[in-house]
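Written out below as structure tokens is the structure these notes cover.
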Amino acid sequence: MLEFPLDPDAVAAADEVILARTGGRYLTMEPSDAELRREWVRLYEEALAAQSGDTPQDDPDDDRDPTDIEEDCPCGDCPRIRKKNIIFIGSEMHYDSFWWKMMFMAPGIAAATGSGPLRPADETTIAYVPEGYTYLERLPLDGVANSLGHSIVRLLSSADIATVMNDLPESEEDGCPVQVKLQDVVFFSHGLPSQITLNLDGDSGAVTLDRDNLSAIRADAFVPEGKIHSYACRTGNASWWESFSSDDGAHPEDSLAQRMADHFDIKVRAFLTRTLYRDVLRDPADSAALASTLKAQRDGHESEVISLSDEHEALPHPDLAERGNAWLGTGPRGEGTNGFALWRRAAAREMPVGADTPSGLSNRMRTFSPSAPESGDEE
Amino acid sequence: MRSDRPPRLVPVPPTASALLCAALALATNEIDAMTCSEMPKDAIQRRIAALRNAVKPPEPEAGMPTVRFEFDLPAGDAGDGVFVIHSQRLQRPVYVGAYAQQVAITADDELRADGGWDNLDFLLLRPEAEQVCRWTTDPGHPFWGGSRRLRVTLTREREIDDQGLLRGYAVESIP
């Protein structure tokens, strides 16, 4: 039986033997290391006994895995769990629009401040795709991270998604082992059927989570009550059809949402339909007033932040939505919104909701439980 | 003989000025009015190389249906650009080559899966013009559902509807 705190000399002696055997790799809590962990415990106890001149006693628990320490740990619940939340924010390179540019940033920042579906956690990481965001557009993200102590990670490839979710370090606190586990993970991003496409239409390459690369993420990453919330389009839909007669036609049982529920043994909340971010930043009834205010104030101020109302401002974004013809009144140039991105100072007004397409599907957020999708469990 | 005198400015009547602006606005190359963005030549060439590596054209076999795309963009406007048909379902291009107003692609088993429904992106990469044009449309279409002719109209001005659906081209079946 291990007694805490551990003796540092005995730890060093056990480490020396094990590290020589693993080529310098430290042991993990993975099942594949269980045999080596048992060996480490034996070596540790031998070293301890050698220090005191005792002979290690025969212990019926001698061949037990040191991760099975709930009963014996003097620290109470062991290992201690540090709960971690992750907020994924995609790039917006699809629309090229004043109205939609910040559609993922707004709910992502709101979630970081406690307005979204996330429960309080010991630590929070905001992982975002930087492509296409200007300095001014990233500033609210930096601000909320700094003020709340969240960490920020930039995603540059699909593999980075797994890297962020697998970043679950083990440590020791007051002589007790501490394990970081995921509690809530939320995605604000574009999506295709059973693909969370965090860099849709981006030039720097795909940043996508799908059924093929899901297995790169540790299956034991979450606490038992962990949850994933996907506000990407069609995460719970395994079909590319645009018209259905019932939810069953979307094969939710084969979807990425179901695969995540099975892989992590947690509940996953996701949509069968596309998701609608239209109302996240503004009330559509205010759109005309916002556009006309920007058009009236922009002359000579194209590189400045322009206040549009008590709630909204326009962030300068060179080359954004440079389409249409101002003289003919067409496109963003005609509207007067080219070269700017709409921002709401308090971030999102509300979370995204289910859209009406594909037709024939329930557009409420659905809960996927391990092994079989639930029905009738909607918000 | 060279003169150091500044050129004489000839006032243009307001009506004529407006007509001149309108003419210039409408006289631009068709493709310049579309969904294009600027990109450095070397970046476009790297992207073309990556697309050529990623493309996996279907292997034609006897009895497989053929989908014939007919595009409305004049070949002269495309110049020597590289044209790409990218399948979002397969997450890779199915055609990378010279632009032609008619492109035929064999619909193999992989493309015909799920009823042949897919979302396609059409790209035109023009290194010499340092320009990349992209046409994408959110609602999917059963492109690969069987042998067919499809007319693809690449729109001048993309639209986003009330549900957030982007429409950058229109597809219709030709009998």
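Just so it is clear, none of the values below were taken in a lab; they were calculated from the coordinates. These numbers were taken from a predicted model, which means no experiment stands behind them. Ideal geometry is used to build each Cβ from the backbone, glycine not excepted, and the neighbour counts take in all protein chains shown.
Spin-label model, A:Ser287/A:Asp356: points 7 Å from Cα along the beta carbon direction are separated by 1.4 nm.
Fewest Cβ neighbours within 10 Å first, please rank A:Ser362, A:Ser230, A:Ser307, A:Ser215 accordingly.
Numbers: A:Ser362 19, A:Ser230 27, A:Ser307 14, A:Ser215 11.
Fewest to most other Cβ atoms nearby, the residues stand as A:Ser215, A:Ser307, A:Ser362, A:Ser230.
Under 20 Å from a point 7 Å along the Cα-to-Cβ line of A:Ser171: which residues of the range A:10-51 have their amide N that close? Backbone N within reach: A:26-30.
Separation of the range A:78-123 from the range A:274-300 is 22 Å, based on Cα centroids. Sketch the reach of a paramagnetic label on A:Glu225 as a point 7 Å from Cα along Cα-to-Cβ, and name the residues of the range A:257-287 whose backbone nitrogen lies under 14 Å away. Answer for this model: A:267. The equivalent ellipsoid that matches the C-alpha gyration tensor of the range B:34-174 spans semi-axes of 23, 19, 14 angstrom, in descending order.
For chain A, what is the mean residue ellipticity at 222 nm derived from helices alone (per DSSP H run of n ≥ 4: -39500 (n - 2.57); sum divided by total residues; nearest 500 deg cm²/dmol)?
Numbers: 9 runs with 93 residues, N = 379.
Mean residue ellipticity at 222 nm (helix-derived): -7500 deg cm²/dmol.
Among A:Ser245, A:Ser97, A:Ser52, the largest mean-square fluctuation in a Gaussian network model of chain A, built with springs joining Cα atoms closer than 10 Å, belongs to A:Ser52.
How long are the three semi-axes of the equivalent ellipsoid for the range A:154-228, computed from the Cα gyration tensor as the root of 5 times each eigenvalue, in whole Å, largest first? Could you put the intermediate results ahead of the total?
Values: eigenvalues 157, 36, 20 Å².
Over the Cα atoms of the range A:154-228, the semi-axes work out to 28, 13, 10 Å.
Counting only residues at least eight positions apart within a chain, or on another chain, the lysines with an alpha carbon under 18 Å from that of A:Lys181 are A:Lys83, A:Lys84, A:Lys227, A:Lys267. For A:Leu328 and A:Ala296, the difference between the fully extended length at 0.36 nm per residue and the C-alpha to C-alpha distance is 9.8 nm.
Each residue in B:Val82, B:Val171 was given a count of other beta-carbon atoms within 10 angstrom of its own, and listing them fewest first yields B:Val171, B:Val82. Spin-label model, A:Arg119/A:Ala159: points 7 Å from Cα along the beta carbon direction are separated by 3.4 nm. Here's the picture: charge each Lys and Arg Cβ at +1 and each Asp and Glu Cβ at -1 in the protein assembly as shown, and of A:Pro140, A:Ala112, A:Val185 the one pushed furthest to the positive end of that dipole is A:Pro140. At 25 °C and 0.890 mPa s, what whole-number value in µm²/s does Stokes-Einstein give for the translational diffusion of the protein assembly as shown, with Rh from the Kirkwood sum over Cα pairs? Taking Rh from Cα pairs, D becomes 91 µm²/s. With a 10 Å cut-off between alpha carbons and a GNM built on chain A, which of A:Asp203, A:Asp310, A:Asp254 moves the most? Per the Cα network of chain A with a 10 Å cutoff, A:Asp310 tops the list. Fewest neighbouring Cβ atoms within 10 Å first, the residues B:Ile48, A:Ile86 line up as B:Ile48, A:Ile86. Largest GNM mean-square fluctuation among A:Asn146, A:Asn237, A:Asn85, using chain A with Cα springs under 10 Å: A:Asn146. Mean per-residue shielding of peptide B:156-169 is 5, counting Cβ atoms of other chains within 10 Å of each Cβ.
Within a 10 angstrom radius of each residue's Cβ in A:238-245, how many Cβ atoms of other chains show up on average? Whole number is fine. Present the calculation step by step, with values, prior to reporting the outcome.
Values: counts 1, 4, 12, 6, 7, 1, 0, 0.
Shielding by partners across A:238-245 averages 4.
Between the alpha-carbon centers of the range B:131-175 and the range A:196-267, tell me the distance in whole angstrom. The range B:131-175 and the range A:196-267 have Cα centres spaced 25 Å from each other.
Looking at chain A, send over the antiparallel percent of its DSSP beta bridges, to the nearest 5. If you can, show how the numbers build up before the last one.
Values: 26 of 54 bridges.
So the antiparallel bridges amount to about 50 percent of the total.
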